[in-house]
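The values are calculated or read from the model by the stated rules, or taken from the named source; none is laboratory data. In this text, all values refer to a predicted model and were calculated from it rather than measured experimentally. Glycine gets a Cβ as well: all are built from the backbone with ideal geometry, and neighbour counts include every protein chain shown. Remember, those area values only see protein heavy atoms, side chains included, never the ligands or the DNA or RNA. Shrake-Rupley method; radii C 1.70, N 1.55, O 1.52, S 1.80 Å.
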Amino acid sequence: GAGVSQTPSNKVTEKGKYVELRCDPISGHTALYWYRQSLGQGPEFLIYFQGTGAADDSGLPNDRFFAVRPEGSVSTLKIQRTERGDSAVYLCASSLMGTGDSPLHFGNGTRLTVT
Amino acid sequence: QQQVKQSPQSLIVQKGGISIINCAYENTAFDYFPWYQQFPGKGPALLIAIRPDVSEKKEGRFTISFNKSAKQFSLHIMDSQPGDSATYFCAASWQGAQKLVFGQGTRLTINP
């Protein structure tokens, strides 16, 4: 079956611009996560959705970052007024339940480059 | 307190050898410890995970050893193969959630 799909795979934008990154989770997975991975580092948690609501957004670095999941499936991570420090790979993951040992399935990420 | 410290940063092992990667944590509330494997250009993929109520878990060539009192856990890859060459991340979470705290990663190279 299809895994977690992220689009675009690469995004280059100019400093100050607005970007949207899309995530299509595995069908039927109720939990969806966004992580950010800087070069040579492990992924860092950004936000977690259970269904349509953001259950935990404590990892969002500031109010320029926002994510939605309006119908409980596809999610969009939105970054306003991008800065060069936002350059990273943004990873989306989904899991069946979002609790216990329900494993996370990661997509291949969107590589964001802010010039 | 939320950190997971991973070592070594990089590791080179001969084919057929044992690869060992170590992680240490501070937060005693962590109750789930997975290991992920990541190939270049791909997302991390779950390899194996352990709960703190057991000291060891084995799946095929991969074994997690867990030392609760020392707050350390390690991944052992037996009979390492060139196809195992990848970056490995340990992670931890608590309250049964999947809000994972990742280590810094270990780049493993298996020489043929």
**Report entry** Filter result for A:SER27 (more than 11 Å from every other protein chain (Cβ to nearest Cβ) and assigned to a loop (DSSP other than H, G, I, E, B))
**Finding:** yes
Report summary line: Going through (1) open to solvent by less than 80 Å² (accessible area, probe 1.4 Å); (2) under 26 Å from B:TRP35 (Cβ atoms); (3) modelled with pLDDT of 95 or more; (4) not hydrophobic (A, V, I, L, M, F, W, C) one by one, A:THR76 fails only at (2)
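Conditions (1) within 11 Å of chain A (Cβ to nearest Cβ); (2) assigned to a strand (DSSP E or B); (3) at positive phi; (4) under 12 Å from the mean Cα position of the chain (by Cα), marked per residue:
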| site | (1), (2), (3), (4) |
| --- | --- |
| B:GLY17 | no, no, no, no |
| B:ILE21 | no, yes, no, yes |
| B:ASN27 | no, no, no, no |
| B:GLY43 | yes, no, no, no |
Query raised in the report: Has the range B:85-97 got any residue that is open to solvent by 10 Å² or more (accessible area, probe 1.4 Å) and in a helix (DSSP H, G or I)?
Result: no
Requested in this report: Taking the residues in the range B:98-112 that are assigned to a strand (DSSP E or B) and not aliphatic (A, V, I, L, M) as candidates, determine which candidate is nearest to the other protein chains (Cβ to nearest Cβ).
Outcome: B:PHE102
Query raised in the report: Within the bounds of the range A:50-57, is there any residue that is modelled with pLDDT of 95 or more, away from chain B (no Cβ under 14 Å) and over 25 Å from B:ALA49 (Cβ atoms)?
Result: no
Requested in this report: With the condition kept exactly as written, say whether any residue in the range A:60-69 is at pLDDT below 95, out of contact with any Asp or Glu (no Cβ under 7 Å at 6 or more places or on another chain) and open to solvent by 60 Å² or more (accessible area, probe 1.4 Å).
Outcome: no
**Report entry** Residues of the range A:53-105 satisfying the condition of being hydroxyl-bearing (Ser, Thr, Tyr) and part of a strand (DSSP E or B)
**Finding:** A:SER75, A:THR76, A:TYR90, A:SER94, A:SER95, A:THR99
Query raised in the report: Residue check, B:SER55 against (1) within 11 Å of chain A (Cβ to nearest Cβ); (2) polar (S, T, N, Q); (3) open to solvent by 60 Å² or more (accessible area, probe 1.4 Å), all met but one. Which one?
Result: (1)
Report task. Check B:PRO40 against each of (1) over 16 Å from A:HIS105 (Cα atoms); (2) open to solvent by less than 40 Å² (accessible area, probe 1.4 Å) and name the one condition it does not meet. Result -> (2)
